[in-house]
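A quick write-up on the structure given underneath.
Values in this text are rule-based calculations from the coordinates and carry no lab data. Keep in mind the model is a prediction, meaning the values are calculated, not measured. Ideal geometry is used to build each Cβ from the backbone, glycine not excepted, and the neighbour counts take in all protein chains shown.
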Amino acid sequence: MKTTIPVGLFCLTASLFSIPLDAASNDSDAWNSKAAAAYLDQRAAWWMAWPSSARDHETFCISCHTALPYALSRPALRSVLAKQAPSPNERKILDNVTKRVRLWSEVQPFYSDEKQGVPKTTEARGTESVLNALILVSYDSREGKLGADARMALSNMWALQLKTGEQKGAWPWLNFHNEPWEADDSQYWGAALAAIAVGTTPGEYRSTPEVREGLDLLGEYLQRGRQEQSLLNRLALLWASTKIPTLLKPEEQKSIVTEVLKQQQEDGGWSASSLVIGTWKRRDNTPLETKSDGYGTGLASLVLLKAGVPRTQAEMKKGLAWLSQNQEAEGLWRAYSLNKKRDPASDAGHFMTDAATAYSVLALTEGK
């Protein structure tokens, strides 16, 4: 889909924000990084203080909707905010993850078998091991190193990789029957995140025999189930392949890029509902939201940019323009639950918007 984009598409009205916009070289840069940082910081602080997120040893759960996206995206704002050090909330998340990694044999899993109806301990352990490794490796990579704690997190992760069975090469993964990160197909998403973590490490780490063995199993798993996966999971695979090129052949990368571009809407954005499995339905039987949102647009734009789609390409310009034009006054980008119709002001109603804001920030900073 290559079209001539009207100049007016990129124009932001003065009333879009109640706070000043950043100075920008073009309209796709005209978003408020300070407001985005303020929203992300406020939500991270809320999550860390929320009683339901508390865990043993005075730690807290690393959530796929709020804490993980915050840890991945907040550092990207440092250059545009002219800051060098991690924010206080970044530091708290890093300290929390590091503590749990160092006390791995002592801390309780995020969820245990003791509570009826929740996933097994092994699923919680597998999920956490991947998230811990991804966060610590991502931070170390900014300093061009792989520290002892990140290595320990990776060791914890590799120890839980499945070595036999149909899911060989993946990790046990939490399943609360919630899209997009804790559903029946989310184990594949988790494996792709593990690949991103390992692909972010220095080459000398990946060249060790034990890591190569684990990577081989992981690559086989990701290829084995690739064709049946949702577009969301294949987006994660495409992202991982930008870190580990052997995961996909060039024509396979191109095929995923083409599929993603086909889901772009006329306004330039993507809807998260178009990325999950086509048979997915909300539990309350309300219709899925199909309009463009920050999560679908942020994630799709980020991965397409990482996969080499030029920001000057028409579709990419439209996607970045959608992000620029749809930041709300509070600094956030809106997204909607895939599991039920939620009050956006409720605790759970914020979760998809937290992730949407983080991935929108990553896309916009990647596209600068």
Efficiency of FRET from Cβ geometry, E166 and A345, R₀ 35 Å, rounded to 0.05: 0.25
Radius of gyration and Dmax over the Cα atoms of the stretch 209-296, both given in Å: 15.4, 50
Radius of gyration, Dmax [the stretch 231-275; alpha carbons; angstrom]: 11.2, 34
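So if I take the alpha carbon set of the stretch 30-91, get Rg, then get Rh from the Kirkwood formula, what is the Rg over Rh ratio? List each step's numbers first, then the result.
Values: Rg = 12.4 Å, Rh = 12.3 Å.
Answer for the stretch 30-91: 1.01.
For a footprinting-style exposure proxy, rank T290, T312, T127, T98 by other Cβ within 10 Å, fewest first. Can you show the working numbers first?
Working: T290 12, T312 7, T127 28, T98 20.
Neighbour counts put them in this order, fewest first: T312, T290, T98, T127.
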The chain: calculated mean residue ellipticity at 222 nm from DSSP helix runs of at least 4, using -39500 (n - 2.57): -15000 deg cm²/dmol
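Rounded to a whole number, what is D in µm²/s for the stretch 248-332 from Stokes-Einstein with the Kirkwood radius over alpha-carbon pairs (10 °C, 1.306 mPa s)? Mind showing how you got there, number by number?
Numbers: Rh = 13.7 Å.
Diffusion coefficient, whole number: 116 µm²/s.
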Semi-axes of the equivalent ellipsoid for the stretch 118-215, Cα gyration tensor, largest first, Å: 23, 15, 11
Residues whose placed amide H lies under 5 Å from that of R55, excluding near-sequence neighbours: F60, C61
